[in-house]
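Below is one structure, written out as structure tokens, with a few remarks after it.
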Amino acid sequence: MAYRFIEHTADMGVEVEAASFEELLSESLLALTDSLTEVGEVGAEVERQVELRAPSREDLLVDWLNELVYLFETESVLFRLAEVGVEEEGGGWLLRGTLRGERYDPARHRIKTLIKAVTYHQLQVTSSSRGWQARVIFDI
Amino acid sequence: MHVEQIDEFRWRIPRQGKMQVEGLVFASAERMAELRQDHSLQQVVNVAHLPGIVGASMAMPDIHWGYGFPIGGVAAMDGKKGVVSPGGVGYDINCGVRLLRSGLSRTEIQPRVRDLLTRLYQNIPTGIGKGRSDLRLSRQELARVLAQGAAWAVDNGMGYEEDLEFLEEGGCIQGARPDLVSDRAYQRGRNQLGTLGSGNHFAEIQYVAEIYDEPAAAALGLFEDQVTLTLHSGSRGLGHQVCSDHIRVMLAAAARYGIELPDRQLCCAPIQSPEGRNYLGAMSAAANYAFANRQVMTHWARESFLQALKLGPRKAGLEVVYDVCHNIAKFETFEIDGRSRRLCIHRKGATRAYPPGHPQTPEAYREVGQPVLIPGDMGRYSYVLVGTSRAYRETFGSTCHGAGRRLSRKQAKKQTRGRNLLEELERDGVLVMAAGMATVAEEMPEAYKDVAAVVDVVEGAGISRKVAQLKPMGVIKG
């Protein structure tokens, strides 16, 4: 599993690799949190359950990351871990996840970049013999 | 890509393939050489594919690579047969700029800039999320904000009735539908009214450094050395959520209406379809939230001036010069070939620039044209322009919106390593207070192109006229 940030003049993107689609989602969570703050400073005592439905894997990835943006903004929770299950359902995809993180503490969590939204621009989710890859761009 | 030069500042991308109209780009030759290397011209071409686009797919000289639409893009869609696209507005719906003028001169406030900035920083929340605890809104109250825009703030004691005359659309887009804004958007908007946000948003104390057109400056109430204040912010999380919600709907809608998309982020639906109407209703509500946001911050900026300078409201009192939207789609009427046409104008990182005599230009400015506010970076300068009749005829009354980035945020941060940016800026006469140093690094002056080059192109092309240059004295950032 790995991610790396990519250059985009006005905004910021991330490329993620993982062995499975589920791990790709967990790794993307880490990348998003890492762009917000020092991920190593984020604890895991707060738990949230998430259930999302989307017509494609690409849409599911965007919804998943947008859910994290939403939870950070409305509940001030930063996440560092996720157990994710994804299954096919009625021609689309269903995600059930348990997220673990910590409430934002301005004294310890230095904000790096605030993310407005996760975009569909140049969005890619692909799989190959090496596993799963994704590219996603954040609006900041 | 095949691009033809029309004149010194105009470039045409001829129709090819399924383009409905040609592309029209405003740029210097130097800038065009750079543009040929990136993806933004392709984005101009992509927008030209959208059904019902009228005239040309346009780009202002601050064009840069966006998602879907280029930043700096302008597209007019036929009100009946055209489409509306959330990507043509962006996530920060009605991100915009408001300019306030004071009765003070630079020398009067120079010794007090730090106090003034401290007050602004205390009174206007910046950076992450939450707004002031004395402005918490119930859902019902928030629905009123979404319906009424800036007038909601004025009715609640935050501003004056006469402020409203000097805001684009009077600070309220008609036809807003608060009932079509999702619960998630309400949740995000509930505690953020009256907040600046982060990224390129700012509040800046400035002075009028140079006047290019005396009569126009006098009409706008501007004089040399005068202290002004600029606010740059938008609709915050509420607007971001409205955009995300509707992009999702539009992706499915575009397929259903058989619209081919060169880029998914260009997803759209016919203006007259349920999806199109719902988006326009919700987006207008978010735009009204942004107008109210800038109005609330105006009120707190006024209080900050009174508190810090201990002057009577008349001298320190800040009056609204104007307030413009940078990211918006709305209905406007234009005379084309002798026929009046109602068009849905998308401005994505572009500014309305109506000419002298236009009924929507405030009475006081009727002879000079609508003020256009172009922020630069926090170290150099910003500009006040006015709209022209050539812009009205040629660009659906539109012009540029800012400098545009030169460096990515990562490159900017790299270049600031080991430097004390705050000290550097202070040496150059600009005090900065910010919630996060990362933002200051990403937003440092060298990260931006010189806004003067952008403004020279719109003036050279005749789609705006320079009135004044403003220089920063103090800035608050997220």
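The values are calculated or read from the model by the stated rules, or taken from the named source; none is laboratory data. Fair warning: this is a prediction, and the values are worked out from it, not measured in the lab. Every residue, glycine as well, gets a Cβ built from its backbone with ideal geometry; the counts of neighbours run over all protein chains shown. Just so you know, the surface numbers come from the protein's heavy atoms only, side chains and all, with ligands and any DNA or RNA stripped out. Shrake-Rupley method; radii C 1.70, N 1.55, O 1.52, S 1.80 Å.
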request  = May I ask you to list the residues in the stretch B:190-230 that are farther than 15 Å from residue B:120 by Cβ, of a type in the set (Ser, Thr, Tyr) and within 22 Å of the chain's Cα centre (by Cα)?
outcome  = B:198, B:207
Those residues of the stretch A:123-138 which are open to solvent by 10 Å² or more (accessible area, probe 1.4 Å) and within 11 Å of chain B (Cβ to nearest Cβ), in sequence order = A:123, A:124
message = Under 7 Å between Cβ atoms, which residue pairs at least 6 apart in sequence (or on different chains) link something in the stretch A:63-83 that is in contact (Cβ under 8 Å) with a residue 60 or more places away in the chain with a partner that is part of a strand (DSSP E or B) and open to solvent by less than 30 Å² (accessible area, probe 1.4 Å)?
response = A:65/A:118; A:65/A:136
task = Give the stretch B:33-47 a look and list any residue that's in a loop (DSSP other than H, G, I, E, B) and of a type outside the set (Lys, Arg), or say none.
result = B:37, B:38, B:39
note = Residues in the stretch A:57-82 that are open to solvent by 60 Å² or more (accessible area, probe 1.4 Å) and more than 21 Å from residue B:243 (Cα to Cα) total 2
query = What number of residues within the stretch B:80-96 satisfy the criterion of being more than 14 Å from chain A (Cβ to nearest Cβ) and either buried (at least 24 other Cβ atoms within 10 Å of the Cβ) or of a type in the set (Ser, Thr, Tyr) (or both)?
reply = 4
message = Criterion first (over 25 Å from residue B:230 (Cβ atoms), away from chain A (no Cβ under 14 Å), open to solvent by 10 Å² or more (accessible area, probe 1.4 Å) and not hydroxyl-bearing (Ser, Thr, Tyr)) does residue B:262 satisfy it?
response = no
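Could you tell me which residue of the stretch A:5-56 is surrounded by the fewest Cβ atoms within 10 Å (Cβ to Cβ), considering only residues that are without any contact (Cβ under 8 Å) to a residue 24 or more places away in the chain and over 27 Å from residue A:107 (Cα atoms)? Spell out the reasoning first.
Of the stretch A:5-56, the ones without any contact (Cβ under 8 Å) to a residue 24 or more places away in the chain are A:7, A:9-10, A:40.
Filter once more, so that each one left must be over 27 Å from residue A:107 (Cα atoms): A:7, A:9-10.
On the way: A:7: 12, A:9: 19, A:10: 19.
Checking each candidate, the answer is A:7.
Touching a residue at least 40 places away in the same chain (Cβ under 8 Å), touching a Pro at 6+ places or on another chain (Cβ under 6 Å) and closer than 23 Å to residue B:327 by Cβ: does that describe residue B:382? Break it down into steps so the answer makes sense when it comes.
On the way: touching a residue at least 40 places away in the same chain (Cβ under 8 Å): yes; touching a Pro at 6+ places or on another chain (Cβ under 6 Å): yes; closer than 23 Å to residue B:327 by Cβ: yes.
Yes: the conditions hold for residue B:382.
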request  = With respect to residue A:90, determine if the residue is more than 13 Å from residue A:21 (Cα to Cα), out of contact with any strand residue (DSSP E or B) (no Cβ under 7 Å at 6 or more places or on another chain) and of a type outside the set (A, V, I, L, M, F, W, C).
outcome  = yes
query = Name the residues in the stretch B:197-218 that are more than 26 Å from residue B:93 (Cβ to Cβ) and hydrophobic (A, V, I, L, M, F, W, C), would you?
reply = B:205, B:208, B:209, B:211, B:216, B:217, B:218
query = Here are B:99, B:50: which of them is touching a residue at least 40 places away in the same chain (Cβ under 8 Å), out of contact with any helix residue (DSSP H, G or I) (no Cβ under 6 Å at 6 or more places or on another chain), open to solvent by less than 10 Å² (accessible area, probe 1.4 Å) and not in a strand (DSSP E or B)?
reply = B:50
ask   = Just for helices (runs of 4 or more DSSP H) wholly inside the stretch B:103-177: which have at least 3 residues that are within 21 Å of the chain's Cα centre (by Cα) and surrounded by 15 or more Cβ atoms within 10 Å (Cβ to Cβ)?
value = B:139-148, B:150-155
request  = Please name all residue pairs, on different chains or six or more residues apart, with Cβ atoms under 7 Å, provided the first residue is in the stretch B:183-203 and is within 25 Å of residue B:143 (Cα to Cα) and more than 11 Å from chain A (Cβ to nearest Cβ) and the second residue is open to solvent by 10 Å² or more (accessible area, probe 1.4 Å) and among the charged types (D, E, K, R).
outcome  = B:194/B:132; B:195/B:236
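Taking only the stretch A:88-117 into account, find how many residues are open to solvent by less than 30 Å² (accessible area, probe 1.4 Å), at the interface with chain B (Cβ under 8 Å from one of its Cβ atoms) and in contact with a Leu (Cβ under 7 Å, 6 or more places away or on another chain). Give the derivation first.
Residues of the stretch A:88-117 open to solvent by less than 30 Å² (accessible area, probe 1.4 Å): A:92, A:94-95, A:97-99, A:101-102, A:109, A:113, A:115, A:117.
Still in the running and at the interface with chain B (Cβ under 8 Å from one of its Cβ atoms): A:113, A:117.
If we keep only those that are in contact with a Leu (Cβ under 7 Å, 6 or more places away or on another chain) as well, we get A:113.
The number of residues fulfilling the criteria is 1.
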ask   = Does the stretch B:237-286 hold any residues that are in contact with a helix residue (DSSP H, G or I) (Cβ under 8 Å, 6 or more places away or on another chain) and of a type in the set (Ser, Thr, Tyr), and which are they?
value = B:244, B:273, B:279
ask   = Say we look at the stretch B:221-238 and pick out the residues that are touching a strand residue (DSSP E or B) at 6+ places or on another chain (Cβ under 6 Å) and in a loop (DSSP other than H, G, I, E, B); which of these is surrounded by the fewest Cβ atoms within 10 Å (Cβ to Cβ)?
value = B:225
query = Are there any pairs, at least 6 apart or on different chains, whose C-beta atoms fall under 8 Å, with the first in the stretch B:418-430 and over 17 Å from residue B:471 (Cα atoms) and free of Cβ contacts under 8 Å to residues at least 40 places away in the same chain and the second assigned to a loop (DSSP other than H, G, I, E, B) and open to solvent by less than 90 Å² (accessible area, probe 1.4 Å), and if so, which?
reply = B:421/B:444
ask   = Within the stretch B:415-454, can you find the residues that are away from chain A (no Cβ under 11 Å), part of a helix (DSSP H, G or I), under 26 Å from residue A:115 (Cα atoms) and not aliphatic (A, V, I, L, M)?
value = B:415, B:416, B:445, B:446
request  = Looking at (1) more than 11 Å from chain A (Cβ to nearest Cβ); (2) without any contact (Cβ under 8 Å) to a residue 12 or more places away in the chain, find the lone condition where residue B:410 falls short.
outcome  = (1)
